[in-house]
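Beneath this line is the structure, given in structure tokens, with notes to follow.
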Amino acid sequence: MKKVYLVADNITSPLGATTAQNFEHLVNDVTGVRQHNDKAISDERFFASLFEKGYFQTDKCWTKFEHLVIASLTEILYGVDKNISDKKTVLIISTTKGNISLLETEEPSPELDARIALHTSAKKIARHFGFVNEPLVISHACISGLAAMITGMRLIQSGQYDHVVVAGADVISKFVLSGFQSFQAVSPGLCKPFDANRDGINLGEGAATVILSAEKTDGETIELASGAVSNDANHISGPSRTGEELYFAIDKTMKGAGLQAGDIDFISAHGTATIYNDEMEAKAVTLAGLQDVPLNSLKGFYGHTLGASGLIEAIVSAQSLKQNIIIPTKGFSKQGDANRVNVCSQLISKPLNSCLKIASGFGGCNAAIILTKSQQDIS
Amino acid sequence: METDIPGFLLSVYQHLGVKYPKFYKMDNLAKLGWLATEVLLKDFDKAKYQPTDIGVVLTNAGSSLDADKRYYESVQDIASPALFVYTLPNIVIGEICIRHHFKGENAFYIFDGFNADFVNNYVSILLETGQLQACICGWVEMAATGYKAVLFLVEKDKKENAILFDAAGIEKRFIAVGFNQR
């Protein structure tokens, strides 16, 4: 099977406009999450990782969501020839709610419906950058980013495309925050992933892009070795009680990469800091025999960036492999009694080769991918 | 002419004669996809597969906009978690998976129209690479102007009366189904 490489990446978040800026902040324990008092989003004060007001704003041409995707794509494509207009290149966009904030500010009309539609954004953006193929949009709850990477990987492995540009973004507005608040799922302070006293999520804004390619670049390259998706078939808003289905995706992706539990150097968990998500993930990780492998959640730095989260966290994980540094779980301090996993609470520097990245979301969906240093580089 | 969509969905549900109380909680998109799958799988012998070998790949143009608008109306008063959960297009897949106990690969893609080439190509990859043995795929749309569901059951093993899964074939069948206007 064709190998698939991560040849370029970008993270555009409140922590910075490049992957390097973002990673530096993570290493220095800087978070984008802080308290906000914005009546347009919530009557009550709330903690979230948001861009400064006015940094990305809807204008006549582009929505805020589109500005975010464009910023991430522009940085990644700047000054490099990535064969954008090649017939063997395609753009995939990952988002959960895209332009939905327009419902809050615009008058209802059929034109508004068309403007909100994700295929409208995708086509505008693809044309703007000169992609020739029809872009794909995946909207699959909180696994959107990983599902988009897995889709891209399969399209390269099958030979249909040589390069797949995967970009994801989501914007936080009243629509999204009120929904999570209605579920009583938002933490009143900074979120505490995997902590015994965890009390809910923080939301976050962000965009990220990764270019997947069949062609390896010079120097050390990270490979997207495999990926798998599963469904709990249990409940639309609550995770599996056993973690069995996420475990199935983990097991399948490890087998796909030809790796065993002992080969995984760290796990980048979804770790939303809700009681049930983290517990389910811990169960799945334990079923896979990975309970002693260092595991982190980046939600304490970024909040939950929804359709961008899988991409942001996969890019940070790739950077961790390159720099041989595991980022600690900000917000975690006390291990609970049940379902103990090895939550990384301090920066770890050691040689790293392989990482498991997992995510789960509403609708009972689970996804897992394996990132590895390209074998040529290791040997 | 204005069609009563909830009334129509309910009458189909009653016509099928199944008892599934969760149906009443679903939004219109989930109901539509759920009902279409009930009909599609009438003679499907799922017992010959592992739950993880059966997947669902769906597409539409409007995502969950119908549910999004209903949810946002509730926000003016008291935000409803029961409505919010349906503001994701993949929830219809979740409902189908719960009903039929499917645990395999699932994905929801958005296109401005039915993309027969992509659906055919991607589902074929999932089957050929052994990710899945069977897949429910197609289009489920619940828009302000109307609704439409066209689903296919694709299996690796050829069955009697089965037709070849190719882009031209599913495109033709998609076009043959009208868009039911509200």
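The values are calculated or read from the model by the stated rules, or taken from the named source; none is laboratory data. Keep in mind the model is a prediction, meaning the values are calculated, not measured. Backbone-built Cβ (ideal geometry, glycine too); neighbour counts: all protein chains shown. All accessible areas refer to the heavy atoms of the entire protein, side chains included, with ligands and DNA or RNA removed. Shrake-Rupley method; radii C 1.70, N 1.55, O 1.52, S 1.80 Å.
When residues in the range A:225-245 are screened for being within 13 Å of A:K357 (Cα to Cα) and within 11 Å of chain B (Cβ to nearest Cβ), 4 of them pass.
Quick one: how many residues across the range A:132-149 are within 16 Å of A:L73 (Cα to Cα) and buried (at least 20 other Cβ atoms within 10 Å of the Cβ)? Total meeting the criteria: 6. Annotation note: of B:Y72, B:Y109, the sole residue that is in a helix (DSSP H, G or I), surrounded by 20 or more Cβ atoms within 10 Å (Cβ to Cβ) and either in contact with a Leu (Cβ under 7 Å, 6 or more places away or on another chain) or at the interface with chain A (Cβ under 8 Å from one of its Cβ atoms) (or both) is B:Y72. Just checking, does the range B:31-54 include any residue being over 25 Å from B:N120 (Cα atoms) and either in contact (Cβ under 8 Å) with a residue 24 or more places away in the chain or open to solvent by 10 Å² or more (accessible area, probe 1.4 Å) (or both)? Within the range B:31-54, not a single residue is over 25 Å from B:N120 (Cα atoms) and either in contact (Cβ under 8 Å) with a residue 24 or more places away in the chain or open to solvent by 10 Å² or more (accessible area, probe 1.4 Å) (or both). Which of the following residues is more than 22 Å from A:V7 (Cα to Cα) and open to solvent by less than 20 Å² (accessible area, probe 1.4 Å): A:G364, A:G331? One residue alone meets the criteria, A:G364.
Taking the range A:102-133 as the range and being among the acidic types (D, E) and either in contact (Cβ under 8 Å) with a residue 24 or more places away in the chain or more than 7 Å from chain B (Cβ to nearest Cβ) (or both) as the test, the residues that pass are A:E104, A:E106, A:E107, A:E111. Among the residues of the range B:97-106, the one identified as charged (D, E, K, R), within 7 Å of chain A (Cβ to nearest Cβ) and open to solvent by 20 Å² or more (accessible area, probe 1.4 Å) is B:K103. Comparison of A:I150, A:I156 shows that the only residue that is among the β-branched types (V, I, T), at the interface with chain B (Cβ under 9 Å from one of its Cβ atoms) and more than 23 Å from A:A17 (Cα to Cα) is A:I150. Among the residues of the range B:15-30, how many are open to solvent by 50 Å² or more (accessible area, probe 1.4 Å) and not in a loop (DSSP other than H, G, I, E, B)? Of the residues in the range B:15-30, 6 are open to solvent by 50 Å² or more (accessible area, probe 1.4 Å) and not in a loop (DSSP other than H, G, I, E, B). Listed by position, the strands (runs of 3 or more DSSP E) inside the range A:4-101 whose residues that are in contact (Cβ under 8 Å) with a residue 40 or more places away in the chain and buried (at least 16 other Cβ atoms within 10 Å of the Cβ) number at least 3 are A:5-12, A:46-49, A:89-94. Is there a residue in the range B:85-106 that is in contact with a strand residue (DSSP E or B) (Cβ under 9 Å, 6 or more places away or on another chain), in a loop (DSSP other than H, G, I, E, B) and more than 23 Å from A:C365 (Cβ to Cβ)? No, the range B:85-106 contains no residue that is in contact with a strand residue (DSSP E or B) (Cβ under 9 Å, 6 or more places away or on another chain), in a loop (DSSP other than H, G, I, E, B) and more than 23 Å from A:C365 (Cβ to Cβ). Every listed requirement among (1) open to solvent by 10 Å² or more (accessible area, probe 1.4 Å); (2) more than 12 Å from every other protein chain (Cβ to nearest Cβ) is met by B:L83 save one, (2). Scan the range B:112-125 residue by residue and report those that are more than 8 Å from chain A (Cβ to nearest Cβ) and of a type outside the set (F, W, Y). B:G113, B:A116, B:D117, B:V119, B:N120, B:V123, B:S124 - these are the residues of the range B:112-125 that are more than 8 Å from chain A (Cβ to nearest Cβ) and of a type outside the set (F, W, Y).
Residues in the range B:49-69 that are out of contact with any Pro (no Cβ under 8 Å at 6 or more places or on another chain) and more than 9 Å from chain A (Cβ to nearest Cβ): B:Y49, B:Q50, B:D53, B:I54, B:V57, B:T59, B:D66, B:A67. Here B:G94 meets each of (1) facing another protein chain (nearest Cβ under 8 Å); (2) over 29 Å from A:V186 (Cβ atoms) with one exception, condition (2). For the residues A:L287, A:L298, the requirement of being open to solvent by less than 20 Å² (accessible area, probe 1.4 Å) and at pLDDT 95 or above singles out A:L298. All of (1) within 21 Å of the chain's Cα centre (by Cα); (2) within 17 Å of A:A71 (Cα to Cα); (3) among the basic types (K, R) hold for A:K123 with one exception: (1). Just one of the listed residues (A:D263, A:D278) is away from chain B (no Cβ under 14 Å) and more than 15 Å from A:I358 (Cβ to Cβ), namely A:D263. In a residue-by-residue description of the range B:127-148, the property of being closer than 25 Å to A:S158 by Cβ, touching a strand residue (DSSP E or B) at 6+ places or on another chain (Cβ under 8 Å), aliphatic (A, V, I, L, M) and within 8 Å of another protein chain (Cβ to nearest Cβ) applies to no position.
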